[in-house]
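The values are calculated or read from the model by the stated rules, or taken from the named source; none is laboratory data. As the structure is a computational prediction, the values presented were derived from the model and not from experiment. Every residue, glycine among them, receives a Cβ derived from its backbone with ideal geometry; neighbour counts consider all protein chains shown. For the accessible areas, the whole protein counts, side chains as well, though only heavy atoms, and no ligand, DNA or RNA atoms are used. Shrake-Rupley method; radii C 1.70, N 1.55, O 1.52, S 1.80 Å.
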Amino acid sequence: MLGLAIGERSLLAAEISALGRGTTRRLQASHLAEFKYPEGISFDTPQALGEALKQFLRLEKFSTNLAVVGLPAKWLMVRPRQIPAVADELATDV
């Protein structure tokens with residue numbers, strides 16, 4: 001799986017692998033790289049940013065087709081929600 005941590009001027013990429021099964025399962029990050037947004041390209045030019053990111057991922061030889069994206073909390077607008085209590089085993093799957 002590809003992990004992307006999005007920032008204002010760059011993003012961090014990591015290839016994530018799951019090791020083990022069940023409660024002994026753990027995640028391992030490997031193949032780490034930083035993508036600095038090219039001059040003149042930003043979130044205001046999403047198509048150009050996407051193309052530059054695609055080239056970066058190919059150049060760095062990231063080879064997964066699943067991704068998890070992390071965004072800075074200050075970019076989010078949230079509303080609190082009450083959810084029912086759930087067993088620990090089920091909560092980790094959510």
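Being at pLDDT below 90, assigned to a strand (DSSP E or B) and surrounded by 10 or more Cβ atoms within 10 Å (Cβ to Cβ): is that true of Val86 here? When the stated conditions are applied, Val86 does not pass them. Taking residues in the range 20-43 that are over 21 Å from Thr64 (Cβ atoms), and partners anywhere that are outside any helix (DSSP H, G or I) and open to solvent by less than 90 Å² (accessible area, probe 1.4 Å), the pairs with Cβ atoms closer than 6 Å and at least 6 places apart or on different chains are Lys36/Ser10. Just checking, does the range 12-22 include any residue being out of contact with any strand residue (DSSP E or B) (no Cβ under 9 Å at 6 or more places or on another chain) and of a type in the set (D, E, K, R)? Scanning the range 12-22 turns up at least one residue that is out of contact with any strand residue (DSSP E or B) (no Cβ under 9 Å at 6 or more places or on another chain) and of a type in the set (D, E, K, R). Residues that are within 14 Å of the chain's Cα centre (by Cα), closer than 30 Å to Ala91 by Cβ, of a type outside the set (Val, Ile, Thr) and part of a strand (DSSP E or B) are absent from the range 34-56 altogether. Please verify whether Ser17 is free of Cβ contacts under 8 Å to residues at least 24 places away in the same chain, loosely packed, with under 10 Cβ neighbours inside 10 Å and within 18 Å of the chain's Cα centre (by Cα), treating the condition exactly as stated. For Ser17, the condition - free of Cβ contacts under 8 Å to residues at least 24 places away in the same chain, loosely packed, with under 10 Cβ neighbours inside 10 Å and within 18 Å of the chain's Cα centre (by Cα) - is not met.
Scanning the range 1-28 for residues that are closer than 23 Å to Pro46 by Cβ and not in a loop (DSSP other than H, G, I, E, B) yields a count of 10.
Quick one: in the range 26-62, which of the residues that are open to solvent by 100 Å² or more (accessible area, probe 1.4 Å) and either within 18 Å of Ile16 (Cα to Cα) or of a type in the set (A, V, I, L, M) (or both) is modelled with the lowest pLDDT? This residue is Leu27.
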